[in-house]
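Participant: To start, I am sharing the structure in question, which I have written as structure tokens.
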Amino acid sequence: MVKGTVPLTAVSFVLGLVVALVVALMRLSPLWPVSAIARFYVSVIRGTPLLVQLFIIFYGLPSLGATIDPWPSACLAFTLNVGGYASEIIRAAIVSVPRGQWEAAQTVGMNHPTALRRIILPQATRVAVPPLSNTLISLVKDTSLASSILVTETFRKAQELAAPTYEFFTLYMVAAAYYWVVCLVLSFAQTRFESRLDRYVAS
């Protein structure tokens, strides 16, 4: 399906990584107000259930005059959720890069943004890949919650097909197998990606 589990996962994860990178850099900012805003965002996202976040965006925002269709609502909720969790992963990965790497970059004349892009982030990516992959796999399964706001993804489709036939066990097992296969493929891709990033690990 065009707007099924995989597209919803892919769009939300990519946008979530963009949000996460921005929030991670804000957390590392020496400016206290900037860092405080990022900490507050992470605290709210990590301290509230994803289902509640979905309901606030889809059912709550219309009371404030902002109505969003089901699929964009789910995408927004998942993006913000991924951004909150992944930002801490990215921040920790950046911090894990030895200070000497920053100093070496400065020695050869790189400014902070250039050093971050060419030296620090490639090394941090290798550290961040395993936990980010776990976040992605969790997101695949979490998309089933989108059925609660009328998004027709894998789980909701199984519900719709099972309702008139009462073949709940069979169809739910098919849905479970679908999620499982997608997660297996992602796990395999993670392993391959990690091996390609090995060249960025500082010796």
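Participant: Treat every Asp and Glu Cβ in the chain as -1 and every Lys and Arg Cβ as +1, leave all other atoms uncharged, and give the resulting dipole magnitude about the Cα centre to the nearest 20 debye. Don't jump to the answer; show the numbers that get you there.
Facilitator: On the way: 15 positive and 9 negative charges, 120 e Å.
Here the size comes out at about 580 debye.
Participant: Take Glu194 and Leu161, extend 7 Å from each Cα along the Cα→Cβ direction, and tell me the distance between the two endpoints in nm.
Facilitator: Between Glu194 and Leu161, the label points sit 3.3 nm apart.
Participant: Name the residue from Ala146, Val18, Cys183 whose Cα lies farthest towards the positive end of the charge dipole of the chain, charges +1 on Cβ of Lys and Arg and -1 on Cβ of Asp and Glu.
Facilitator: So the residue we want is Val18.
Participant: Which one, Tyr59, Leu116, Leu161, projects farthest toward the positive side of the charge dipole computed for the chain from Cβ point charges (K/R +1, D/E -1)?
Facilitator: Working it through, the farthest residue towards the positive pole turns out to be Leu116.
Participant: Treating the angle as unsigned and between 0 and 90°, give the value, to the nearest 10°, between the Cα long axis of helix 121-142 and the longest Cα principal axis of the chain.
Facilitator: Roughly 10 degrees between the two axes.
Participant: A further question follows. Starting from the Cα of Leu51, move 7 Å in the Cα-to-Cβ direction to define the label point; list residues of region 57-95 whose amide nitrogen is under 13 Å from there.
Facilitator: none
Participant: Per DSSP helix of 4 or more residues, -39500 (n - 2.57); summed, then divided by the residues of the chain. What does that give at 222 nm, rounded to the nearest 500?
Facilitator: Rounded to the nearest 500, the figure is -24500 deg cm²/dmol.
FYI, it's all coordinate maths here, none of it is from the lab. Predicted model only: the values in this text are computed from it and were never measured. Cβ sites come from the backbone with ideal geometry, for glycine too, and all protein chains shown count toward neighbours.
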